[in-house]
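*Asks:* One structure is given below, represented as structure tokens, and several questions about it will come after.
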Amino acid sequence: MPSISDASSGPGYPRAATIDDFVRNIASVRARIAAAAERSGRDTSDIRLLPVSKTVGEDRIRLAVQAGCRELGENKVQEAKRKQGNLADLDVRWSVIGHLQTNKARDVAAFAAEFQALDSLRVAEVLDRRLQGVGRSLDVYVQVNTSAEESKYGLEPADVPAFLAALPRYTALRVRGFMTLALFTADTPRVRECFRLLRTLRDRARDADPALIGPGELSMGMSGDYEVAIEEGADCVRVGQAIFGARATANDHYWPTSTE
């Protein structure tokens, strides 16, 4: 089992600067996804790789797309909106995977293919209204705080059932499943506990009312821990640094605290 690296440092992730670099990095990530799937008796084709391009310049994003990336995840709506507009000539599906303020809901409704960080009914209400206004629907994942860190966004596990029960009133939102961020730590057992908790919550939701959870997908795992996430049931892994290279910007800039 590979050790989990500190996701905030990324010293082992060289910067991809050419199409060949991206081809090589993507192939490496996919090989490790396949190996993790095999270890857990899963089909690799059931696991979706979502490349995360936060902080990455548009010139390098173009190279990544030429290397095979067809969907990209961004944490900040303003950054995602700018890139989507400037790269509109590319065949790319954009996912917003970071905390959403209600004043940015209009932008998400306009361009995003999915939103992976739904954690309040107020956001659900505003986003639904914006989507209704433009005649669209949107795939969403409910974000759950599985690390018990007060600084993290996401629902408390105990609040998940009531939250799911309230979502059907927002008809433009299509619930796909759950998303979480594990602890940023090299302690693999503690990281694994976060992923197991999300899987348990999904299984309980399915038992209670499968219609509320949609396909019940689990979006969990990033560059430092995606293999463990796959072993614990991840259907979507959000991988940035292992594809694009180490970021100079600290994680808390793109995963802001809930008290910010």
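*Asks:* Could you please tell me which pairs satisfy a Cβ distance under 7 Å, a separation of 6+ or placement on different chains, a first residue in segment 19-46 that is in contact (Cβ under 8 Å) with a residue 60 or more places away in the chain, and a second residue that is in a loop (DSSP other than H, G, I, E, B) and buried (at least 16 other Cβ atoms within 10 Å of the Cβ)?
*Replies:* F22/A16; F22/A67; N25/A16; I26/A67; I33/I47; A37/I47; D46/D235
*Asks:* Look at segment 70-94 and say how many of its residues are touching an Asp or Glu at 6+ places or on another chain (Cβ under 9 Å) and in a loop (DSSP other than H, G, I, E, B).
*Replies:* 3
*Asks:* Within segment 61-69, identify whether any single residue is outside any helix (DSSP H, G or I), within 19 Å of E114 (Cβ to Cβ) and of a type outside the set (A, V, I, L, M), and answer yes or no.
*Replies:* Checked segment 61-69: at least one residue is outside any helix (DSSP H, G or I), within 19 Å of E114 (Cβ to Cβ) and of a type outside the set (A, V, I, L, M).
*Asks:* Please pick out the residue among V160, V126, V142 that is over 27 Å from I61 (Cα atoms) and in a strand (DSSP E or B).
*Replies:* Sole residue among the options that is over 27 Å from I61 (Cα atoms) and in a strand (DSSP E or B): V142.
*Asks:* For segment 208-231, give me each residue that is crowded, with 24+ Cβ neighbours inside 10 Å and charged (D, E, K, R).
*Replies:* D225
*Asks:* Continuing with this model, one more query. If I filter segment 63-86 down to residues being of a type in the set (A, V, I, L, M), more than 20 Å from V142 (Cβ to Cβ) and touching a helix residue (DSSP H, G or I) at 6+ places or on another chain (Cβ under 6 Å), which single residue comes out as surrounded by the most Cβ atoms within 10 Å (Cβ to Cβ)?
*Replies:* In this case the residue turns out to be A64.
*Asks:* Can you tell me which residues in segment 207-260 are closer than 23 Å to E149 by Cα, at pLDDT 95 or above and of a type in the set (F, W, Y)?
*Replies:* Answer for segment 207-260, where residues must be closer than 23 Å to E149 by Cα, at pLDDT 95 or above and of a type in the set (F, W, Y): just Y226.
*Asks:* For segment 15-36, check the following and say yes or no: at least one residue is more than 24 Å from K152 (Cβ to Cβ), small (G, A, S) and modelled with pLDDT under 95.
*Replies:* no
*Asks:* Hey, D89 hits all of (1) in contact (Cβ under 8 Å) with a residue 40 or more places away in the chain; (2) out of contact with any helix residue (DSSP H, G or I) (no Cβ under 9 Å at 6 or more places or on another chain); (3) surrounded by fewer than 21 Cβ atoms within 10 Å (Cβ to Cβ) but one; which does it fall short on?
*Replies:* D89 satisfies all of (1) in contact (Cβ under 8 Å) with a residue 40 or more places away in the chain; (2) out of contact with any helix residue (DSSP H, G or I) (no Cβ under 9 Å at 6 or more places or on another chain); (3) surrounded by fewer than 21 Cβ atoms within 10 Å (Cβ to Cβ) except (1).
*Asks:* Looking only at segment 196-223, count every residue that is in a loop (DSSP other than H, G, I, E, B) and under 19 Å from A172 (Cα atoms) and tell me the total.
*Replies:* Result for segment 196-223: 4.
*Asks:* Quick one: in segment 124-151, which of the residues that are surrounded by fewer than 20 Cβ atoms within 10 Å (Cβ to Cβ), of a type outside the set (D, E) and touching a residue at least 40 places away in the same chain (Cβ under 8 Å) is farthest from R176 (Cα to Cα)?
*Replies:* S151
*Asks:* Now, a different point. Would you please name the residue that is surrounded by the most Cβ atoms within 10 Å (Cβ to Cβ), looking only at residues in segment 152-167 that are without any contact (Cβ under 8 Å) to a residue 24 or more places away in the chain and small (G, A, S)?
*Replies:* Step by step, filter segment 152-167, then rank; the result is A162.
The values are calculated or read from the model by the stated rules, or taken from the named source; none is laboratory data. All figures in this text were calculated on a predicted structure; none of them were measured in a lab. Cβ: placed from backbone, ideal geometry, glycine included. Neighbour counts: every protein chain shown.
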